């Protein structure tokens, strides 16, 4: 007889193994595994084993990640960043039924879960003076490193026939940039590091591939920027 980590020999006149176990002082639970079965007839030299089985409900904690959102505002200087909310992880509790045999876990089945604590999003305000600045919240869908040049809406940058409007009908200037629509679709909302919030509102023959032309209000500002590599965030509206 093997039971509860102890092996012993017993003699019995009982007709079934179940009765013999009871006679020997062993209580068999409803989940315990007895080999051979409790209805089997005892025989000389037979080895009977009892495996104690129990099911226990256990909980597992899991962290829920928070999103990082950007909101653009004219209350800050262009490009200035302000942390509005640092963000906090949420917590999810998952319930499992764990099956133990002789004290060792052998199986685990999920039976449900619940959010014990919702995550708190990280929110950053970014200064922009573009006329298309939005106070909505955004997240970065895609990020590109691009070669940036600068323009102003007058004839020096846009030629003698400059109208002050882009090919999309927007007022040219700060916050409106020219892109290659094959790379960045027209109308996309962007954040350009070191420049601020912008909208892809124009295209040009010289703007091909991984290039972007940033709008400024004056010739001096455009010349001061010159040309350089910038990191461009293509933004998507955060949906609730």
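The values are calculated or read from the model by the stated rules, or taken from the named source; none is laboratory data. None of these values were measured; they are calculated from a predicted model. Positions of Cβ are backbone-derived with ideal geometry, glycine not excepted, and every protein chain shown enters the neighbour counts.
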Worksheet entry | Within segment 33-59, considering residues that are touching a strand residue (DSSP E or B) at 6+ places or on another chain (Cβ under 6 Å) and without any contact (Cβ under 8 Å) to a residue 40 or more places away in the chain, the one surrounded by the fewest Cβ atoms within 10 Å (Cβ to Cβ) | 59
Worksheet item: Counting just the residues of segment 33-85 that are part of a strand (DSSP E or B) and at pLDDT below 85, which one comes out farthest from residue 7 (Cα to Cα)?
Response: 73
Discussion item. Condition check: farther than 30 Å from residue 117 by Cβ and touching a helix residue (DSSP H, G or I) at 6+ places or on another chain (Cβ under 9 Å). Does residue 20 satisfy that?
Written reply: no
Discussion item. Checking the structure you have, find out if any residue of segment 109-128 is surrounded by 14 or more Cβ atoms within 10 Å (Cβ to Cβ), within 22 Å of the chain's Cα centre (by Cα), at positive phi and at pLDDT 85 or above.
Written reply: no
Worksheet item: Quick one: residue 3 ticks every box in (1) touching a helix residue (DSSP H, G or I) at 6+ places or on another chain (Cβ under 9 Å); (2) loosely packed, with under 15 Cβ neighbours inside 10 Å; (3) modelled with pLDDT under 90 bar one, so which box is it?
Response: (2)
Worksheet item: Quick check: is even one residue across segment 60-77 surrounded by 14 or more Cβ atoms within 10 Å (Cβ to Cβ), within 51 Å of the chain's Cα centre (by Cα) and within 24 Å of residue 105 (Cβ to Cβ)?
Response: no
Fill in: Selection count where residues are in contact (Cβ under 8 Å) with a residue 40 or more places away in the chain and out of contact with any strand residue (DSSP E or B) (no Cβ under 8 Å at 6 or more places or on another chain), scope segment 207-223
3
Worksheet, complete the sentence: Taking segment 172-201 and keeping only residues that are closer than 17 Å to residue 141 by Cα, free of Cβ contacts under 8 Å to residues at least 60 places away in the same chain and assigned to a loop (DSSP other than H, G, I, E, B), one is left with 181, 182, 183, 184, 185, 186, 187, 188
Discussion item. Being out of contact with any strand residue (DSSP E or B) (no Cβ under 6 Å at 6 or more places or on another chain), surrounded by 14 or more Cβ atoms within 10 Å (Cβ to Cβ), modelled with pLDDT under 90 and part of a loop (DSSP other than H, G, I, E, B) is the requirement here; does residue 162 meet it?
Written reply: yes
